[in-house]
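Notes follow the structure.
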Amino acid sequence: MTVSNDNKQRGFWKSRFGFILAASGSAVGLGNIWKFPYIVGENGGGAFVIIYILCTIAVGLPIMLAEFTIGRKTNLNPVGAFQALKANSPWTGIGYMGVLAGFFILSFYGVVGGWTLAYVAKSLTQTISNFASPQDAGQFFGSFISNTWEILCYHALFMGLCVGIVLRGVHSGIERACEILMPMLVIFLILLMFRSLTLPGAMEGVEFYLKPDLSKIGSQTILIALGQAFFSLSLGMGCMLTYGSYLPEDENLTSATAYVVIFDTMIALLVGMVIFPAVFAMGLEPAEGPSLVFSVLPAVFAGMPFGNLVSIIFFILLAIAAITSGISLLEAVVAYFIDQRGWDRKKAVLITSTVIFLFGVPSGLSFGVLSDAKLFGMNFFDHIDNIASNYLLPLGGMLTAIFVGWVWGTKSAKEEIEKHETQFHWGHIWGFLIRYVSPVAVLLVFLAKLFQ
Ligand code: PHE
């Protein structure tokens, strides 16, 4: 194995702010914008939000700090990093699992990313601005995702955009793109929130969103909240580890972690404030996952003053969020080939993205020509999503926590963290969370998924 730690191919973040935006860009994605509101809707609104926030703080935050720390310590990709800290041990497997998870997730994430681009185009051409009912909008969405060529073209376009950014490297590509795209996302979101909250009847949605309904809290709720925290924070596959590997030594890791976690959580909470008031104001019920965003919202927008403009803004926002997450998934895979295989960036980006795209094709066709190709009642798309999100991520997160807590050791990790901060004041609490709370909590999620 050739380990080439060539900084020209790897790169570094130029500014602390740029790094925080890029990591936030990875975290904020489709997980926040369609998944979060729908899960909140199904799990008792405000009560779920509180549990989600607790999971984020108790499990997500410590694991993110662990990933950043391993990354900065080693300046390597997930595989190289574990290899460097514990040479020739099975722990390197966490890194391989992470690269594989990145490969899997991007293969279907790119498909949904393509849908978001298509809906930007369809908003601009006003194709999706005249639905009389959510049923019409749903039917339109159904026929759209079964159209082979359209799906493939938009999927390719999404991957092409990610490739274009990642090709330019860490600073000129990822950091610059996120510096432009992330503020846009926040501004659009705030604009949309005002539009949503000023609709007649919006307060009913706010009440649904913020009023805890304790009767809907069951044992599953915590597990769902934890799983969502994982996916949403991009943890468990070495994505944050890779981003941490481009950090200079004088970076304050604890505060960077706090910013990213707070940012991701704020965006999710904001999205809820956009979607529920709008859905309730239009007299609709909060529907399920993909249909909430792609079927229900166009109908909501159609019935709203300035609806077409709102629709354009919303889908651009969704596409931006998906792109800044897509590039982080691609970068984690690319970093492996640059560091471990000694490829140059161009070769690594072009080859991995092509293979990931091709592997994603059956996912893209899972709602059309391949919709009958089901195994255990799930299509190809669902299987890949399920394997990656429900198994590989939790397992990767749990093993990372165990590795840092017990193998590499919190003492070594704290030394790395304290390279910048003179003293890591929360070190004891973090040590406890990473050694006990995170592994046990994730183990529970993992087991629950396994026996579901
Ligand atoms: N966090 C991203 C989202 O919320 C998804 C993602 C998962 C990105 C894992 C990178 C790694 O959409």
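The values are calculated or read from the model by the stated rules, or taken from the named source; none is laboratory data. Small disclaimer: the values here were computed from a predicted structure and weren't measured. Reconstructed Cβ throughout: ideal geometry from the backbone, glycine too, with neighbour counts over all protein chains shown.
So Thr354 fits all but one of (1) over 20 Å from Glu175 (Cβ atoms); (2) in contact (Cβ under 8 Å) with a residue 40 or more places away in the chain; (3) among the hydroxyl-bearing types (Ser, Thr, Tyr); what number is the exception?
In the conditions (1) over 20 Å from Glu175 (Cβ atoms); (2) in contact (Cβ under 8 Å) with a residue 40 or more places away in the chain; (3) among the hydroxyl-bearing types (Ser, Thr, Tyr), Thr354 misses (2) alone.
For the structure I just gave you, tell me whether Ala413 is assigned to a helix (DSSP H, G or I), more than 16 Å from the ligand (Cβ to nearest atom) and buried (at least 24 other Cβ atoms within 10 Å of the Cβ).
Judged against the criteria, Ala413 is a match.
Going by the conditions given, is Leu395 in a helix (DSSP H, G or I) and of a type outside the set (D, E, K, R)?
Yes, satisfied.
Between a residue in the range 28-56 that is within 23 Å of Ile434 (Cα to Cα) and any residue that is of a type in the set (Ser, Thr, Tyr) and within 14 Å of the ligand (Cβ to nearest atom), which pairs come within a Cβ distance under 6 Å, given they are 6 or more apart or on different chains?
Taking only residues 6 or more apart or on different chains, the pairs are Thr56/Thr265.
Select from the range 95-133 the residues that are buried (at least 24 other Cβ atoms within 10 Å of the Cβ) and more than 13 Å from the ligand (Cβ to nearest atom) and write down the one among them that is farthest from Gly238 (Cα to Cα).
The qualifying residue farthest from Gly238 (Cα to Cα) is Ile128.
For the range 28-81, which fully contained helices (runs of 4 or more DSSP H) count at least 2 residues that are hydroxyl-bearing (Ser, Thr, Tyr) and away from the ligand (no atom under 16 Å from the Cβ)?
61-74
Taking the range 306-342 only, how many residues are outside any helix (DSSP H, G or I) and either modelled with pLDDT of 95 or more or within 16 Å of the ligand (Cβ to nearest atom) (or both)?
The number of residues fulfilling the criteria is 0.
Return the residues of the range 239-252 that are more than 9 Å from the ligand (Cβ to nearest atom) and crowded, with 24+ Cβ neighbours inside 10 Å; say none if nothing qualifies.
Of everything in the range 239-252, those that are more than 9 Å from the ligand (Cβ to nearest atom) and crowded, with 24+ Cβ neighbours inside 10 Å turn out to be Leu241, Thr242, Tyr243, Gly244, Ser245, Tyr246.
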